[in-house]
Each structure stands twice: as structure tokens, then as C-alpha cells.
1. Using all alpha carbons of the chain, what is the percent of pairwise distances in each 20 Å bin, ordered from the shortest bin to the longest?
2. Under a 1.4 angstrom probe, counting protein chains only, how are Leu118, Leu55 ranked by accessible area, largest first?
3. Accessible area of Phe307, 1.4 Å probe, to the nearest 10 Å²?
4. So how far apart, in nm, are the two label points at Val228 and Tyr82 if each is 7 Å from Cα heading toward Cβ?
5. Just to verify a number: what accessible area does Thr267 come out at with the full protein assembly present, 1.4 Å probe, Å² rounded to tens?
6. Need the full-extension length gain, Asp286 to Asn73, defined as separation in residues times 0.36 nm minus the C-alpha distance. One decimal, nm.
7. What order do Tyr188, Tyr249, Tyr128 take when sorted by accessible area (1.4 Å probe), most exposed first?
8. For His71, what accessible area in Å² do you get when you roll a 1.4 Å probe over the heavy atoms of the protein chains, rounding to the nearest 10?
Amino acid sequence: MSIIDLRSDTVTKPSFEMRRAMAEAEVGDDVYQEDPTVIKLEQLAAEITGQEAALFVCSGTMGNIVSLLTHCNRGDGVILGYKSHIYVNEGGGLSALGGLVPLCVNDGDGIPKPEEVLSFCRPENVHYAPAKLLCLENTHNACGGVAISPEDFSSMVSLARNRGLSVHLDGARIFNAAIAWGVEPIVYTESVDSVQFCLSKGLGTPIGSLICGSKDYIRRARHWRKRVGGGLRQAGVIAAAGIIALRNYPDLRHDHEKAKILKDRLTSEGVKVVEVSKPTNMVYFDVESSVDEALLAEKCRQRGVLFNPTPEKIRLVTHRGVSFEDVEKAAKVIAEELCRLR
Ligand code: TLP
């Protein structure tokens, strides 16, 4: 039985072209900054994001924590969404490792509410953790994979900047956002103080993320990366795949097309799909409280369709490891099993 894995775009495997580039990569010791392939990837990332410099890190989580540690000191406040990946899905690293205070705001539509951000921009007062940083996420994973519009994004960045906050973008899927809005990624990334984006999601590399920012910022981030054990040696072997990924990023549009088909098919089968203003490669759907999500996931798994059984909304993620035919089949299987469990 062939498997249709919709758990995440993190399950993508490197292409033949990537594997060949990895095998042939020129390498050196990257802690000495002597790996030519890593240097090439970092230069490419800086160019694409319109930032001065970039740093290769092991994962999106590492990219975010290194960024937060670089921007803030212990006791500083970080404004971020209740639903943000940094707050919900990164093991509380900002508090555990950085002694940072999460100042949570409503990000139900994918972007923080301006008045809530402003409510944390308070005059200096010994009672408060001083807000230093605003974190944005685009696309916003837990908000349906929504792509934030360039206008909404830039007005939020200006609001934060005007209040003296630095801005970090968790752009794990920033290329998906850019494609959804038909703009270049630089439209989002140039204006922020730092951006982290992932190579190992829809872009399909086995490992790695990049942090981009000013030269001074990246110099300090390099120190934090070393402290958290992220200084790699012959990392060119994996960076080589990243160079291919960045060249091919426009292919992500196919993942959005597949998600659209998946959504349309599920909707026509009567499944309650969550509407998203600017969708990308994710489809979320609701199940009635009478339906056991874990059982639904198990029944679908037995028929070769994989997704994670989350208690609230169930997420399906399209990527290059699933075909157009696969998503049609997955919609049918999910609708049938859901019907049986009702
Ligand atoms: N997200 C994963 C899970 O952790 C939920 C997924 O399957 O989507 N920022 C965002 C917005 C992310 O979605 C993720 C991964 C990360 C950061 C962390 O990236 P990694 O997994 O490379 O540490």
C-alpha cells in the first residue's frame, strides 16, 4: 500500500539533485568559517532576504531561539502570539534557555492585534518586564497556514519599530507566503531585524535553517549558536542541498495547488474545512466532538493516509512527496472514515 503522508511538509526527502550536490559538496570546518558551501548558502540567503548576512543553523527551533537570545537579555519581554510556534511548539525555550518573558497577544488571524502589541509598549517601570522584541510568523502555521499580506505585515513592522521594538520573523515558510501573494520574499524580510527560514519543510532538504540580519547581528548570533551547540564542522554536505532548494523555491506553488484541491474535495464531501483568507499548503478541518480524532487518524492510517490526530482542528499538509492524485484519494478516504465514525 502506498502511503500518503499529510502530517507535515517536514517529511519531505531530498531529491536526487540534492543528494548529488551533497555528495559532491566542497567542505571545510564551518566553526572556522572555512566551509565554502556554507558560505555560499549564507550569501545566497542574505541576498534573497535583503539582509547583510546570514547564518546556517540546524533547525527552525534553533534559528528562533538563537535569534531571541541575540536580541534580548534575561528578564526582557518578548511580544508574540498565543498561537505562535515559538510560544506553543518550541519547548518553552525562550524562558528555559533565555530567561525571557513571553508577552502574549491575540494572533487569531495570523497577525497580532495592534492594540494588544501597543498595550505592552509601556513606559519604563520596575514592575514590568521591558518589551524588547516582537515576533511575527508568516505563514502562520496554527492559523490555518495563512499567508499574511505584505501590507498588514509592513504596517505591523512599522508599528513595532516606531515603539522601539526589534522585530524577528519566524519565516519557517516565508517562501510559501511570498508565493501566495505573488511577491518576492524580500518584501517581508528586508524590513525586519532578523528572519529565520527553514530549508527542511516544503523546500525539501534534510536539515537546516538560516537566520538573516545585519552583520553585527549575525556576528552575535554566531556566538549564541556556538553556545547552544550548533557550531557545525563540515556542514557543506547539508548546505549543498539548501542551495538547490533556494533555486527551486517557486515549485512550492504546486503544494498550494494540491492543498486547494484537497480543500475543495473535502468540502464537497461535507467535511467542515476551516476557511483561510490566503491559504498556502495547509488544510485544517473540524470534527464533531462525538468523533474521536485519534480513532479517525488510525482508521485513515490503516488505509495509507497519515495525519496527526490533534484535539481541536486536524491539520493536513501538502508537499512534494504527495501527488495531485494522492490528495484526491486522501480526501475520499478521510470523508469516508469520518462518515463511518459519525
Ligand atoms: N513546525 C512543525 C511542528 O513543530 C509543528 C510542523 O510540522 O509544522 N516555525 C514554524 C512556523 C514551524 O512550523 C516549525 C516547525 C518551526 C518553526 C520549527 O522548525 P524545526 O522543526 O526545524 O525546528
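The values are calculated or read from the model by the stated rules, or taken from the named source; none is laboratory data. On a predicted model such as this, the values are computed, not experimentally measured, just so you know. All Cβ positions, even for glycine, are placed from backbone atoms using ideal geometry, and neighbour counts span all protein chains on display. To get the accessible areas, we keep the full protein, side chains included, count just its heavy atoms, and leave off ligands, DNA and RNA. Shrake-Rupley method; radii C 1.70, N 1.55, O 1.52, S 1.80 Å.
1. Bin by bin from 0 Å, the calculated values are 31, 56, 13, 0.
2. Leu118, Leu55
3. 10
4. It is 2.6 nm.
5. 70
6. Between Asp286 and Asn73, full extension yields an extra 72.6 nm.
7. From most exposed to least exposed: Tyr128, Tyr249, Tyr188.
8. Accessible surface of His71 is approximately 50 Å².
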